[in-house]
Amino acid sequence: MDKHVYNRLRDIIRDRVGIDISYYSTSFIARRIEFRMNICNIRDYTDYLRLLEYTDEIKEFVANLSINVTEFFRDPDVFDRFKELLKGYSNARIWSVGCASGEEPYTIAIIAKDNGVRCSILASDISKNAIEYAKKGLYQSKSVRNVPKDILARYFTLTGDGYAVRSDVKDMVTFEVRDVTRCINTGPFDFIFCRNMLIYMNDVSKSTIINNICNAMKPNSYLILGKSEYIHNCSMLSCIDTKTKIYIKKI
Ligand SMILES: C[S@@+](CC[C@H](N)C(=O)[O-])C[C@H]1O[C@@H](n2cnc3c(N)ncnc32)[C@H](O)[C@@H]1O
């Protein structure tokens, strides 16, 4: 994909759906484009850009980036480990970076409440649509399939066509539209979850994000990444569990 095509693609996606793909690695974007072009049976980039600009193919393309995919209790072993670490706290400030449609911060809130730890959770995402959805706290039955039955009964209310997060759990979470590559003035936090977002980023964005996150962490606080993500060459962080990708801020 030449630079002209890439720049046009970036502008169309930003203007139509408000997502800036320049944070993502170009090879990731190129693979996704080729995948969709094959499905649409299109050989020429210009023809595909026209589809993205004028048709609902844009929705398919964005869905295919998988960048909003999330679920309650995603990677349960990570939350088991989080539960253990949380035992040392009576109060905790937590940030869910790239929270998508809210399942991750609500999972965190439920675990804290269930373990008697008071906490305030900032949940942010670059996507305005994702944050608006998350704020409602309403989920279809298929979204709660991984929620243990007893938790579902205690922290959700059955509604007409799905489940609503109980209001005392909702009150623990503040949602904000926020781009984590930009300078951050909040914090400091005891735990930061930044899961399944760095994987799509180019190296420059990745190191900007890690730096911004480190600045928002208390000494001896924890950063939790996605299971296929890792950090190298960061003097402030050391990994305490390679399986669950939990890091501690050294000072
Ligand atoms: C795959 S989801 C991960 C959701 C959740 N953390 C999880 O692991 O289930 C990645 C999220 O990162 C968000 N994101 C991407 N770039 C971002 C940025 N620069 N700042 C904040 N959020 C961003 C996307 O909008 C998306 O909702």
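The values are calculated or read from the model by the stated rules, or taken from the named source; none is laboratory data. Everything numeric in this text was worked out from a predicted model, so none of it was measured. Quick reminder, even Gly has a Cβ in these numbers, built from the backbone with ideal geometry, and neighbours come from all protein chains shown.
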Does segment 224-233 include one or more residues that are in contact (Cβ under 8 Å) with a residue 40 or more places away in the chain, over 17 Å from the mean Cα position of the chain (by Cα), crowded, with 16+ Cβ neighbours inside 10 Å and closer than 23 Å to Thr70 by Cα? no
Given the criteria touching a residue at least 12 places away in the same chain (Cβ under 8 Å) and more than 9 Å from the ligand (Cβ to nearest atom), does Arg74 qualify? no
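For Thr186, state whether it is among the β-branched types (Val, Ile, Thr), assigned to a loop (DSSP other than H, G, I, E, B), over 24 Å from Lys128 (Cα atoms) and within 15 Å of the ligand (Cβ to nearest atom). Lay out the reasoning, then the answer.
Details: among the β-branched types (Val, Ile, Thr): yes; assigned to a loop (DSSP other than H, G, I, E, B): yes; over 24 Å from Lys128 (Cα atoms): no; within 15 Å of the ligand (Cβ to nearest atom): yes.
Spelling it out, it is not the case that Thr186 is among the β-branched types (Val, Ile, Thr), assigned to a loop (DSSP other than H, G, I, E, B), over 24 Å from Lys128 (Cα atoms) and within 15 Å of the ligand (Cβ to nearest atom).
So which residues in segment 104-123 are surrounded by fewer than 23 Cβ atoms within 10 Å (Cβ to Cβ), closer than 16 Å to Phe175 by Cα and in contact with a Ser or Thr (Cβ under 9 Å, 6 or more places away or on another chain)?
Within segment 104-123, the first condition is being surrounded by fewer than 23 Cβ atoms within 10 Å (Cβ to Cβ), and the residues that meet it are 111, 113-120, 122.
Those still in the list that are closer than 16 Å to Phe175 by Cα too: 119-120, 122.
Hits for segment 104-123 are Ser120, Leu122.
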Taking the criterion of being in the same structural domain as Lys136 (by TED's automatic domain parsing), of a type outside the set (Gly, Ala, Ser) and surrounded by fewer than 21 Cβ atoms within 10 Å (Cβ to Cβ), would at least one residue in segment 91-100 satisfy it? yes
List every residue pair whose Cβ atoms lie under 8 Å apart, where the two residues are 6 or more positions apart in sequence or sit on different chains, the first residue falls within segment 101-130 and is assigned by TED's automatic domain parsing to the domain that holds Lys142 and among the basic types (Lys, Arg), and the second residue, located anywhere, is more than 9 Å from the ligand (Cβ to nearest atom) and in a strand (DSSP E or B). Arg118/Asn91; Arg118/Ala92
Tell me yes or no: at least one residue of segment 67-90 is farther than 23 Å from Leu158 by Cβ, among the hydrophobic types (A, V, I, L, M, F, W, C) and at pLDDT below 95. yes
